[in-house]
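**Q** Handing you a structure now.
The values are calculated or read from the model by the stated rules, or taken from the named source; none is laboratory data. As the structure is a computational prediction, the values presented were derived from the model and not from experiment. With ideal geometry, Cβ positions are generated from the backbone for all residues, glycine too; neighbour counts draw on all protein chains shown. Note: areas computed on protein heavy atoms with side chains; ligands, DNA, RNA excluded. Shrake-Rupley method; radii C 1.70, N 1.55, O 1.52, S 1.80 Å.
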Amino acid sequence: MIFYAPFWSFILVKWQIWSLNKIYDFETFIELAQKRALIYPQEHFYSKYAIALKKDKDLLKELILKGENSNRLEILREKYQFKTVLFYKKLSRLFNTLPILELSIEGVLLNGKGVINWTDFQYIEPKTSGGKYPDFWIEYQLKKTNKIEIYKLTNLKGGLLRLEYFFKLYKQLATTINIRNAGRCAKFEP
């Protein structure tokens, strides 16, 4: 513990700086990183007493402040509006080039079910069994039904963090675009 704790603290600050320089979606990144104990709130003991160079601590504070003050939805909309994120099976990509899941601003493409718009979901959440060989699935409920359905993502390449991130991102972008468009339509109606 004498060597591990300071080393982990030092490396974690370096990773936080690297990550914050690479991301576009500050809020979602911070939320997911805090869930996994990779970033702590500024007033937390580990943040206050992190072992790091002064310039790294100052840079980290600057990056967090910059992220909090950025117009993130516009940046994300510009970057992801016309992109589709594909999820594949690990080994079957050699034999089958079809993705098992596609996410875009329009909705979620589930094999055998077609595209389901984000506004049609009452509830949707990616899940995992955890462990060394995890299973992944999506639980969802459509608006006009009472049934919670499960869509299995057998042998998913990627991981839950990537899946959660893109689910949150596209759902938020789709709902803010719909709200913004509804507001525009309301202004022009007689």
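**Q** Step through the residues of region 161-167 one at a time and calculate ³J(HN,Hα) from phi using the Karplus curve (6.51 cos²θ - 1.76 cosθ + 1.60, θ = phi - 60°), rounding each to whole Hz and writing x for Gly and Pro.
**A** After applying 6.51 cos²θ - 1.76 cosθ + 1.60, I find 4, 5, 4, 4, 4, 6, 5 Hz.
**Q** Something else about it: What's the carbon and sulfur percent of region 1-40's accessible surface, probe 1.4 angstrom, rounded to a whole number? It would help to have the intermediate numbers written out before the result.
**A** Working: 1810 of 2620 Å².
On region 1-40, the fraction of accessible area on carbon and sulfur atoms equals 69 percent.
**Q** Taking amide H atoms as placed 1.01 Å from N in the peptide plane, list the residues 5 or more away in sequence, or in a different chain, whose amide H sits under 5 Å from that of ILE100.
**A** PHE87, TYR88, LYS89
**Q** Shifting gears a bit: Using a Förster distance of 45 angstrom, determine the FRET efficiency expected from the C-beta separation of GLU74 and ILE2, and round it to 0.05. Spell out each step's value before the answer.
**A** On the way: r = 47 Å, r/R0 = 1.05.
The computed FRET efficiency comes out at 0.45.
**Q** Another question about this same structure. Starting from the amide H of ILE39, placed 1.01 Å from N in the peptide plane, find each other amide H under 5 Å away whose residue is 5 or more places distant or on another chain.
**A** Here the answer is GLN34, since their amide H atoms fall under 5 Å of that of ILE39.
**Q** So who's got an amide H within less than 5 Å of the one on ILE51, skipping anything under 5 residues away but keeping other chains? H placed 1.01 Å off N, in plane.
**A** PHE10
**Q** Right, something else. Taking the Cα centre of region 1-160 as origin, sum charge times position over the Cβ atoms of Lys and Arg (+1) and Asp and Glu (-1), and report the length of that vector in debye to the nearest 20.
**A** 480 debye
**Q** Still on this structure, I have one more. Return the lysines within reach of LYS57: Cα separation strictly under 22 angstrom, same-chain partners fewer than 8 residues apart disregarded; answer none if there are no such residues.
**A** LYS14, LYS22, LYS35, LYS48, LYS66
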